[in-house]
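Take a look at the structure below.
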Amino acid sequence: MRQEYPLARKHTQRAIEQAREYGLLGRDILGSGFSFDVKIHRGAGAFVSGESTALMNAIEGHVGEPRPKYVHTSEKGLWGKPTCLNNVETWANVPFIVNRGADWFRAMGTRGSKGTKIFSLVGRVKNTGLVEVPMGMTLRDIVFKVGGGVPKGRRFKAVQTGGPSGGVLPDSLLDLPVDFDKLDEAGSMMGSGGMIVMDEDTCMVDTARYYVNFLAHESCGKCVPCREGLRQMLRILDRITAGEGKEGDVELLEELSEFMEMASLCALGKTAPNPVRSTIRYFRDEYEAHIREKRCPAGVCAALIAYEIDQEKCTSACGACVRACAVDAIQKVDAHTLTIVQEKCIKCGACYTACPDKFRAVLKLPAASAPRPTPIPQLQIEPRV
Amino acid sequence: MEQVTLEINGKSVQAPKGSTILQAATLSGIKIPTLCLWPAWQQYAGEYGVTKSRFRPAMTDCSLCGLCVRYCAEVKKDNALYFKGRGIDRKPELIDGSHDQCGQCRECFALCSGGWVVASRS
C-alpha cells in the first residue's frame, strides 16, 4: 500500500485487526486447521511500483524496477516462489463470487468482461466520485446518467480513461460499451479505472503533454525505449504547445509510439504512447492547428493565446481584473480605461475569470492577433503655469 | 577443454563448454551487434547507417548503460555507485558517504564507453 494513502492504510489496518479479533485471520482459523494472514507492506510510493514485477522487487526490499517477464509470476514470483498476484479490486470480487456463485457474477457484464467495475469519475462532470457499474455500460450512460453530464452548459469533448497511460475517447465514441476489450480497441484502456471528463476548454495537445510529462518522470528509466522515447516525446510536445512545432512532428510522434510499444520492457513503456496516439487519432486537427497556424483552438496553451480588454464592454473599469492579476500587468490608463501590458502578462487567465459576468470584457484571443507592444496612451499632463 | 556444438543462423558451430552465446558467435566469425560491449558505439551506429539523429542529442556522453553501477555492485561488491532518480532524471551517482571506498580501484573507468566516469578532485 502506498505511503501517500494514510487513510486507506488506517482503514485496512483496522479491518485486519478486527478480522483477527474474530478469529478470521491467523493460525487455525475457526478450528479448521487452515491458517492464513494478511500483512500490509508500505511502499515508498512510485507509479511504476504498481507494475507486477516492480511490486515484487519493492516488497523484497530492492529498487522498484520491473524485471523481464519470461518467467511467469505463478511459477517464480516473490522471493522466487510461485505467487498469486492480483489487483485489489479483483480480490474484492472473490467473496461475492464464493457466496453467490459464478453464474450470478457471470450474468453481469459482457462476453469478455464479467461482473461490475468501479470507476473514479472526475473532471468536468456534475457528480464526481467512485461509481460501480456493470461492465458494458456505455460511456454516455456513465458520463451523463451516472455523472450528470458536463456542468455550466459546456460541451462534452472527451473522456480520458485508464490513468496516465490511458487514452482519450471523443464524443463519437460515447456509445461504446465499456469493457476491457472495447477500451483497448478504441486506443485507451481500463487501466486504473480512472475516468476524467473533459469539456471544450481542454486542449488535447496540452493533455498529451501533461501525461507524457508525468510518465517521463515516473518511468523507472531502466530500459531505453521507455526512458528515451518519453524524453523525446516530451521535447516534441513541449515545442508544439509552445508554438514551435514543425511539419513532421506528428509523424515522428507516431513512429516513436510504435517503437515504444514494441520494445519497452514493461507495461509502463508499452502503454505510455496511449495519450499521444489517442489524441492524434481523434484530434489530429488540433495538432495541425498548433503546428501550422500556431493556434490553440481550446485557448489553453499559454504561448498561443493573449488576453485583451474590450474597451467597449469595459464600461465601468471596476478593477476586478487589476486586483486578480498577480503580476501587475493590467494598468489604469485613465479613470475609465484599463489595458493589459502584453510583455508582463503570464497568461494565467485570472483576469478572464475575475471579470464580472455582466461585462465579460476580458477577451481571450489567438496570440498572433494581440497588439504587440501594447500601445499605452500617454497621459496629457497640463503644464503648470 | 570440452567442446559443445550449437547452431547459430543455421550454421553448426563449436565452442568451449561454458562460453556465452556471444563468445561462441564471435569465435565462429558471426557478428552480433553488442552496444554495451562496444567501446565506441557511435562508430558502430555509423556502420549500420545511423549517421544523423532526428532528435536533439543529450548534453551528456553518458548513455546510462549502467555498466559502472553493475560492475561496482556485482563484480567488486562495493556498491559505491547507484542510479539516482528515475525516468528522464536517472543518472549514475556515488552513494553518499561512499567516497572512501571509491576512487581506489578505478576499474569502472575503462568500462565507460563515453569516457564519462572520471575522477573528481573532491
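Any residue at all in region A:284-292 that's crowded, with 22+ Cβ neighbours inside 10 Å and modelled with pLDDT of 95 or more? Break it down into steps so the answer makes sense when it comes.
Applying the first criterion (crowded, with 22+ Cβ neighbours inside 10 Å) to region A:284-292 yields A:286, A:290.
Filter again for modelled with pLDDT of 95 or more, leaving A:286, A:290.
Checking region A:284-292: at least one residue is crowded, with 22+ Cβ neighbours inside 10 Å and modelled with pLDDT of 95 or more.
Could we say that residue A:190 is more than 10 Å from every other protein chain (Cβ to nearest Cβ), under 30 Å from residue A:149 (Cβ atoms) and in a loop (DSSP other than H, G, I, E, B) here? So residue A:190 fits the description; yes.
Which ones in region A:101-137 are among the β-branched types (Val, Ile, Thr) and more than 20 Å from the chain's Cα centre (by Cα)? Give the steps one after another, and end with the answer.
The first filter runs over region A:101-137 and keeps only residues among the β-branched types (Val, Ile, Thr), leaving A:110, A:116, A:118, A:122, A:125, A:128, A:131, A:133.
Within region A:101-137, A:110, A:116, A:133 meet the criteria.
When residue A:141 is tested against (1) without any contact (Cβ under 8 Å) to a residue 12 or more places away in the chain; (2) within 18 Å of residue A:280 (Cα to Cα), just one condition goes unmet, and that condition is (2). Figure legend. Inter-residue proximity from region A:35-54: first residues under 23 Å from residue A:271 (Cα atoms) and within 14 Å of another protein chain (Cβ to nearest Cβ), second residues surrounded by 13 or more Cβ atoms within 10 Å (Cβ to Cβ) and among the acidic types (Asp, Glu), beta-carbon distance below 7 Å, spacing 6+ or different chains. Indicated pairs: A:46/A:218; A:47/A:218; A:48/A:218; A:54/A:65. Go through region A:212-244 and count every residue that is within 13 Å of chain B (Cβ to nearest Cβ) and either within 19 Å of residue A:121 (Cα to Cα) or touching a Cys at 6+ places or on another chain (Cβ under 6 Å) (or both). Residues flagged as within 13 Å of chain B (Cβ to nearest Cβ) and either within 19 Å of residue A:121 (Cα to Cα) or touching a Cys at 6+ places or on another chain (Cβ under 6 Å) (or both) within region A:212-244 amount to 1. Criterion first (at pLDDT 75 or above, in a helix (DSSP H, G or I) and away from every other protein chain (no Cβ under 14 Å)) does residue B:15 satisfy it? Considered against the rule, which asks whether it is at pLDDT 75 or above, in a helix (DSSP H, G or I) and away from every other protein chain (no Cβ under 14 Å), residue B:15 comes out as no.
Condition test on residue A:321, is it hydrophobic (A, V, I, L, M, F, W, C), assigned to a loop (DSSP other than H, G, I, E, B) and under 22 Å from residue A:344 (Cβ atoms)? I'd like the intermediate steps shown before the answer.
Working: hydrophobic (A, V, I, L, M, F, W, C): yes; assigned to a loop (DSSP other than H, G, I, E, B): no; under 22 Å from residue A:344 (Cβ atoms): yes.
Here the answer is no, as residue A:321 does not meet what is asked.
Looking only at region B:59-75, decide whether some residue is surrounded by fewer than 14 Cβ atoms within 10 Å (Cβ to Cβ), within 14 Å of chain A (Cβ to nearest Cβ) and modelled with pLDDT under 80.
From region B:59-75, those surrounded by fewer than 14 Cβ atoms within 10 Å (Cβ to Cβ) are B:59-61, B:74-75; that's our starting set.
Adding the requirement that they be within 14 Å of chain A (Cβ to nearest Cβ) leaves B:59-60, B:74.
With modelled with pLDDT under 80 added as a condition, the list becomes B:59-60.
Yes: one or more hits.
Collect the residues in region A:77-112 that are surrounded by 10 or more Cβ atoms within 10 Å (Cβ to Cβ), assigned to a loop (DSSP other than H, G, I, E, B) and not polar (S, T, N, Q), keeping them in residue-number order. Of everything in region A:77-112, those that are surrounded by 10 or more Cβ atoms within 10 Å (Cβ to Cβ), assigned to a loop (DSSP other than H, G, I, E, B) and not polar (S, T, N, Q) turn out to be A:77, A:82, A:85, A:101, A:107, A:108, A:112. Please indicate, with yes or no, whether at least one residue in region A:131-145 is in a helix (DSSP H, G or I), farther than 19 Å from residue A:88 by Cβ and in contact with a Lys or Arg (Cβ under 6 Å, 6 or more places away or on another chain). Taking every residue of region A:131-145 in turn, none turns out to be in a helix (DSSP H, G or I), farther than 19 Å from residue A:88 by Cβ and in contact with a Lys or Arg (Cβ under 6 Å, 6 or more places away or on another chain).
The values are calculated or read from the model by the stated rules, or taken from the named source; none is laboratory data. Keep in mind the model is a prediction, meaning the values are calculated, not measured. A quick note on method: Cβ atoms are made from the backbone with ideal geometry, for glycine too, and the neighbour counts reach across all protein chains shown.
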